Amino acid sequence: MRVLMVSDVYFPRVNGVSTSIETFRQALAAEGVEVRLVAPRYADEPEVEGVVRVPGRAVPRDPEDRLVSWTALRDAVRREALDCDIIHIHTPFLAHYAGLSAARHLGKPVIATYHTLFEEYLHHYAPFLPAGWLRGLARRLSRSQCNALDAVVVPSMAMRERLEQYGVSVPMNVLPTGIPMGRFSGGDGLRFRERHGLSAEQPCVLFVGRVAFEKNIDFLIESLSLARREVPNLILLITGEGPAKRALHRQAEALGLSEAVRFIGYLDRRHELPDCYAAADGFVFASRTETQGLVLLEAMAMGLPVVALAAMGTCDILSPGRGCLTPEDDVAAFAAAMVRLLCDPALRSRLSQEARDYAREWADDRLAAKLAECYRRILETADRPNPGACPASSCR
């Protein structure tokens with residue numbers, strides 16, 4: 001089986017969509033699925049087998065992303081789709097319309113993964129427009145785009161329920177992204193601490209992700225301020241880059257936390273990131289709009305106990321309560337949970353082992369097998385009135 005994936009983002013642009021694409025791209029090979037990908041070129045990335053780059057230019061006010069020529073993208077997708085069996089779209093911008101155009105032109109089945117809950121964060125980037133109007137626009141666009149497909153893949157039950165509320169009527173398959181366990185099984189925490197001037201005894205919690213407003217990192221900084229009353233030398237490490245970084249720097253300074261909040265920037269996923277996970281005593285996460293929360297599973301695979309808000313897509317991961325503490329959505333409650341974790345070695349040890357065991361249930365090979373089965377079902381029913389049906393039980 002040949003699948004063409006299409007996306008407006010991909011590595012070296014670091015985010016959950018890029019990670020999901022690459023994880024499935026690698027793991028699907030064992031299922032007899034050959035994946036080709038059309039994605040933007042950012043600079044002078046090396047040629048990679050199966051990846052077709054379309055030149056792009058920096059997006060105004062967002063230099064991390066690229067805007068490609070519509071004609072070049074459309075032509076590349078149509079060319080690469082000629083000998084594929086199914087088209088799989090990963091982003092709702094130009095890639096969506098290029099994938100849909102190719103599918104209609106060539107008579108191919110087309111699906112998309114709905115990775116991002118746009119209605120929850122558009123107001124951060126267009127504050128001059130009414131938030132209610134932006135939410136309505138996001139819902140209408142999502143409904144229109146999804147209903148033009150043969151099926152939709154969603155990473156969590158919460159996302160499926162939200163799209164049903166929008167009026168999405170095509171079959172929806174709940175299928176989260178898995179974790180490449182081999183990549184998150186080592187890491188040299190002492191090496192990372194030495195490199196960043198942290199002693200072996202320094203208590204440290206970690207956030208990994210895009211430094212964006214919707215990630216609710218300001219909540220973590222407020223919680224840190226309270227937690228340091230009990231753990232005075234506690235450090236918060238923030239990895240990644242993004243548009244909220246300057247505002248978060250100002251917040252840390254205003255709270256007298258300039259030395260306690262360390263902005264690490266992007267880390268190499270194969271070496272530096274596992275070292276960073278291994279260096280921390282706990283992983284903290286407060287996003288209320290996450291569609292899955294892959295970093296939670298990465299942290300758990302490394303045996304790192306998690307303190308996180310259980311909201312939206314993270315509920316699928318956190319609800320069993322394994323390897324994690326899930327305080328109420330309250331700064332004081334979150335701070336208390338951090339203090340409890342850091343001050344109770346026995347609890348930390350138990351949660352660490354639970355986290356490792358639990359993460360194995362989300363391994364990439366298991367979930368890639370389920371995506372391959374969804375592809376097969378879509379192809380089998382492509383000529384029927386409701387193609388793409390894949391029962392909810394096919395999710396993890």
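The values are calculated or read from the model by the stated rules, or taken from the named source; none is laboratory data. All values reported here derive from a predicted model rather than from experimental measurement. Using ideal geometry, Cβ is built from the backbone for each residue, glycine included, and neighbour counts are taken over all protein chains shown.
A residue that is modelled with pLDDT under 95 and basic (K, R) occurs nowhere in the stretch 232-250.
Could you count how many residues in the stretch 220-239 are hydrophobic (A, V, I, L, M, F, W, C) and part of a helix (DSSP H, G or I)? Talk me through it step by step, then tell me what you get.
Going through the stretch 220-239, the residues hydrophobic (A, V, I, L, M, F, W, C) turn out to be 220-221, 224, 226-227, 231, 234-238.
Filter once more, keeping what is part of a helix (DSSP H, G or I): 220-221, 224, 226-227.
Of the residues in the stretch 220-239, 5 are hydrophobic (A, V, I, L, M, F, W, C) and part of a helix (DSSP H, G or I).
In the stretch 73-84, the qualifying residues are those that are surrounded by 14 or more Cβ atoms within 10 Å (Cβ to Cβ) and not basic (K, R), and the one that is farthest from R13 (Cα to Cα) is C84.
Hey, any hits in the stretch 105-119 for a residue that's farther than 24 Å from L367 by Cβ, under 24 Å from the mean Cα position of the chain (by Cα) and touching a residue at least 40 places away in the same chain (Cβ under 8 Å)? Checked against the condition, which is being farther than 24 Å from L367 by Cβ, under 24 Å from the mean Cα position of the chain (by Cα) and touching a residue at least 40 places away in the same chain (Cβ under 8 Å), the stretch 105-119 yields no hits at all.
Here's the yes/no breakdown for (1) of a type in the set (A, V, I, L, M, F, W, C); (2) touching a helix residue (DSSP H, G or I) at 6+ places or on another chain (Cβ under 6 Å); (3) touching a residue at least 60 places away in the same chain (Cβ under 8 Å); (4) on the phi < 0 side of the Ramachandran plot:
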{"position": "R288", "(1), (2), (3), (4)": "no, no, yes, yes"}
{"position": "L294", "(1), (2), (3), (4)": "yes, yes, yes, yes"}
{"position": "G303", "(1), (2), (3), (4)": "no, yes, no, no"}
{"position": "M312", "(1), (2), (3), (4)": "yes, yes, yes, no"}
{"position": "L318", "(1), (2), (3), (4)": "yes, no, no, yes"}
{"position": "S352", "(1), (2), (3), (4)": "no, no, no, yes"}
{"position": "A355", "(1), (2), (3), (4)": "yes, yes, no, yes"}
{"position": "D364", "(1), (2), (3), (4)": "no, yes, yes, yes"}
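Only residues that are part of a loop (DSSP other than H, G, I, E, B), touching a residue at least 60 places away in the same chain (Cβ under 8 Å) and of a type outside the set (D, E, K, R) were counted across the stretch 175-219, and they come to 14. If you go through the stretch 265-292 and pick out every residue that is surrounded by 18 or more Cβ atoms within 10 Å (Cβ to Cβ) and assigned to a strand (DSSP E or B), you end up with 4. Scanning the stretch 91-114 for residues that are surrounded by 24 or more Cβ atoms within 10 Å (Cβ to Cβ) and within 13 Å of S142 (Cα to Cα) yields a total of 3.
Would you call G242 part of a loop (DSSP other than H, G, I, E, B), of a type outside the set (D, E, K, R) and under 20 Å from R360 (Cβ atoms)? Show your work before the answer.
Working: part of a loop (DSSP other than H, G, I, E, B): yes; of a type outside the set (D, E, K, R): yes; under 20 Å from R360 (Cβ atoms): no.
Here the answer is no, as G242 does not meet what is asked.
Starting from residues that are touching a residue at least 24 places away in the same chain (Cβ under 8 Å) and closer than 22 Å to I179 by Cα, keep the ones in the stretch 40-55 and report whichever is surrounded by the most Cβ atoms within 10 Å (Cβ to Cβ). Applying the filter and picking the extreme gives V51.
The residues listed here are P232, P243; of these, the one that is under 24 Å from the mean Cα position of the chain (by Cα), surrounded by fewer than 16 Cβ atoms within 10 Å (Cβ to Cβ) and more than 20 Å from A299 (Cα to Cα) is P243.
Residues that are surrounded by fewer than 21 Cβ atoms within 10 Å (Cβ to Cβ) and among the hydrophobic types (A, V, I, L, M, F, W, C) were ranked within the stretch 168-210; the one that is farthest from the chain's Cα centre (by Cα) is A200.
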